[in-house]
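Everything below concerns the one structure shown next.
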Amino acid sequence: MSSEKKRVQFRAPQRLIDRTDALASVLGEDRTDILVTALREYLQDAAHDDALTQEIAAAYYDDEITYDQLTALVGAEEAANFRVLKQQLNEGFVEDVVDL
């Protein structure tokens, strides 16, 4: 994992931030550590959700996300499988058009 960091800013409900701050105090961490851990775990879980994985694949097939973004979301092995399938779909489309 890259150690390169990027600053982000977002708005969140006050109650959520209060809970984050309370947990940070209990664990002796700062708010950022808690939020980064929560986001990392959410993204990890999302990558294993079949319905979401199919939405991610569809976005890749429709060129809404890049291969690098696909890889970041679903991992290298699954991204490679989706790339092969996309190439096969594109080749099949070309063959279908030629046959017309």
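Bear in mind that the values in this text are calculations on the coordinates, not laboratory data. This structure is a prediction, so every number in the text was calculated from the model and none was measured. Virtual Cβ from ideal backbone geometry, glycine too; neighbours counted across all protein chains shown.
For the reader, a short list of remarks on this structure follows.
- Inter-residue pairs, beta-carbon under 6 Å, first aliphatic (A, V, I, L, M) and in region 67-90, second surrounded by fewer than 14 Cβ atoms within 10 Å (Cβ to Cβ), 6+ apart: none
- Pair list, Cβ < 8 Å and 6+ apart or interchain, from region 2-18 residues that are surrounded by 10 or more Cβ atoms within 10 Å (Cβ to Cβ) to residues that are assigned to a helix (DSSP H, G or I): 17/31
- Hits in region 44-73 - residues which are among the polar types (S, T, N, Q) and part of a loop (DSSP other than H, G, I, E, B): 66
- For region 26-43, a tally of residues being surrounded by 11 or more Cβ atoms within 10 Å (Cβ to Cβ) and in a helix (DSSP H, G or I) returns 12.
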